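The next block holds one structure in the form of structure tokens; read it before the comments.
The values are calculated or read from the model by the stated rules, or taken from the named source; none is laboratory data. Since the model is a prediction, treat every value here as computed from it, not as a measurement. As a convention, Cβ positions derive from the backbone with ideal geometry for all residues, glycine included, and neighbour counts pool all protein chains shown. To get the accessible areas, we keep the full protein, side chains included, count just its heavy atoms, and leave off ligands, DNA and RNA. Shrake-Rupley method; radii C 1.70, N 1.55, O 1.52, S 1.80 Å.
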Amino acid sequence: MGTSSAGRIARALVLVTACAVLVACERAPGDDAVVRVDNPWVRFQAEWAPASVHGPPPANAQWQRVTLPRSGRVDPDAIEPTSSELRDGGMVWYRVTLPSHAQHVGWAVYIFRASMNVEAWFNGVRIGSGGRFTEPMARNWNRPFLWSIPDGAWQRQGPNHLYLRVGAYPSYGFVPPPLVGPQSAFEADYQRTHFWRITTAQVAFAVTFVTALLGLALWLVDRTFRAYLLFTAVSLCWSLYALNLFVQDIAVPARAWWWLVHVAVDVFFVGMFVFIHRVFGVRHPRVERVLWGIVALAAAAYAVGDLHLFSQVNPIGHALLSLPMLYTTGWLVLRCVRQPGAEALLFAAIMLLLLVVIVHDQLFNAIALPGMWQTASYSTQLIAPLMCIVILAHLTLRLARAMREVRAANQHLESRVQVAAARIEQNYRREVALQREQAAARERERSYRDLHDDLGARLLSLVYHAQDSAQANLAREALAELRTVVAASQVPGGALSEIAPDWAVEAELLAEPSGCEVQLAQEGDAHIDARTRYHLDRIVRELVANALEHGAARHITIDVRVDGDVLALSVIDDGRGFDVAPAA
């Protein structure tokens, strides 16, 4: 190569890299050796040649003139569209010629983005590499590089050559124009670019992976709501996509890795469609089956053919399966209009934002618009963590609300169970008392029957064999009393309000011959068992008989009152009475 040719190449490179170098070296803006870090995408001339496995390239390499940047999918600047040095994959050398310089201390090479892997040599000295070039090749398509140039590597006489060995897969190669200048001029931009492309992707992966685990934990707590599993699945799919944005070394072939990542993207699209509808209690079984069928067909199509075919098929699959996302977003917006609510508004805002960045990244990645390749970066990793956090917070609040409702229902049920248990206990005690009472009544009845059969027979015999009428009458009275006792033993228990009127009726029958008036006064009520009733019947009968026989009463009042567990019974009459003291 002649001196004039080398000079032209050097001047072309200097024109596109002048401004930042001049600022860093404190030179005048008019100098033509200036690099502008904020605008590196100016076309300039370079050379390329097929690459060997090891570098640097041989001295007899056949160099061909090209213009950077270069893309294996499209030529960003429509220059030499028939060139295919990156289109078929493999490894390619690019050479940029730099002029000699007397003072080159602390200079570096800054590469904004290269695909799939890049290695830099300067005048035969290896200054940096993005990783291995053997399959599976290191993935660096979203990663910036800043490599220092050794001060002693510069040639003071003659041109200096920067060699870039680029490893590319078919249709997935890209070479930017490298920036060369003082390292201090590039460090701030390198740190900023690394943060937005790599660090944010790492954060997105961590957040989405953790939210997937938390979604699984929510499902383990409440397995009735399967939307938790859907959220886990979509979060895992997006964590895999975020991992693809920054991972360098993978353990599987690149073809299998690409298939896995793009299938995960399709699953994310359909999973979000199903998940949003599940959250709002809406089901579309037929539509869901069709969408999952399309996912399966797309996965099969991705597995067919080489990367050339893959790069053409997967944008179509993503476009088809992003339609449910578009429909879901519109559905949420209409729901906000028809049924305003914070929940629908929140999901609509998230879906709108996510849809915008997905379209942006697909235009950037799949369609590869030239202008976007020169200026754009992936943006989805900035939105996905926010989306997962918001959805996880919503699901957590939903679970907490459901648990509060369940806790309240359990407390209400426990109170009802306690009331029912108390009633059962009370009924049980009554049943036990009733059984005891019935058993005692049966025993008394048996005893009275035996007594009646035995003693009654003897009294009846005494009536027939009495020596005089007095003995016969006495025997008859004893027999009648015995029959009364036996008959009374068969009277069942009951409520006092039902038993007391019987006392009044019996007293009226006793008092009717003498013209005595009988009145009943009752206050309160209680259950009277058969044994107590038997004694009360006899007490009332005896008191009324005494009032009529000995007191010649004209008015009798039977007063019965219940106060808690106390029953007070009084029989009051207006008879002639007697002196209490001698009687005591």
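Details
- Among the residues here, ALA168 does not qualify as out of contact with any Leu (no Cβ under 9 Å at 6 or more places or on another chain), small (Gly, Ala, Ser) and surrounded by 23 or more Cβ atoms within 10 Å (Cβ to Cβ).
- Filtering region 74-113 to residues that are part of a loop (DSSP other than H, G, I, E, B) and at pLDDT 65 or above leaves GLU85, LEU86, ARG87, ASP88, GLY89, PRO99, SER100, HIS104, VAL105, GLY106, PHE112, ARG113.
- Looking only at region 408-453, and only at residues there that are at pLDDT 85 or above, open to solvent by 80 Å² or more (accessible area, probe 1.4 Å) and over 23 Å from ALA526 (Cα atoms), the one that is farthest from the chain's Cα centre (by Cα): GLN418
- Exactly one residue out of VAL274, VAL304, VAL267, VAL290 is more than 23 Å from ALA114 (Cβ to Cβ), among the hydrophobic types (A, V, I, L, M, F, W, C), modelled with pLDDT of 90 or more and surrounded by fewer than 19 Cβ atoms within 10 Å (Cβ to Cβ): that is VAL290.
Okay, residues lined up against (1) open to solvent by less than 20 Å² (accessible area, probe 1.4 Å); (2) touching an Asp or Glu at 6+ places or on another chain (Cβ under 7 Å):
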{"position": "LEU214", "(1), (2)": "no, no"}
{"position": "ASP222", "(1), (2)": "no, no"}
{"position": "LEU229", "(1), (2)": "no, no"}
{"position": "SER235", "(1), (2)": "yes, no"}
{"position": "LEU245", "(1), (2)": "yes, no"}
{"position": "GLN248", "(1), (2)": "no, no"}
{"position": "PRO253", "(1), (2)": "no, yes"}
{"position": "ALA256", "(1), (2)": "no, no"}
{"position": "LEU260", "(1), (2)": "no, no"}
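- Any hit, region 163-174, residues being part of a loop (DSSP other than H, G, I, E, B) and on the phi > 0 side of the Ramachandran plot: yes
- Of all residues making up region 527-569, the number that are without any contact (Cβ under 8 Å) to a residue 12 or more places away in the chain and not small (Gly, Ala, Ser): 6
- Members of region 274-310 found to be in a helix (DSSP H, G or I) and in contact with a Phe, Trp or Tyr (Cβ under 7 Å, 6 or more places away or on another chain), listed by number: PHE275, ILE276, LEU291, TYR302, LEU307, PHE310
- Residue check for LEU297: at pLDDT 90 or above and out of contact with any helix residue (DSSP H, G or I) (no Cβ under 6 Å at 6 or more places or on another chain): yes
- Region 121-160, residues that are within 23 Å of THR199 (Cβ to Cβ) and in a strand (DSSP E or B): GLY128, SER129, PHE145, LEU146, TRP147, SER148
- All of LEU536, LEU543 fail the test of being modelled with pLDDT of 85 or more, within 24 Å of ALA433 (Cβ to Cβ) and assigned to a helix (DSSP H, G or I), apart from LEU536.
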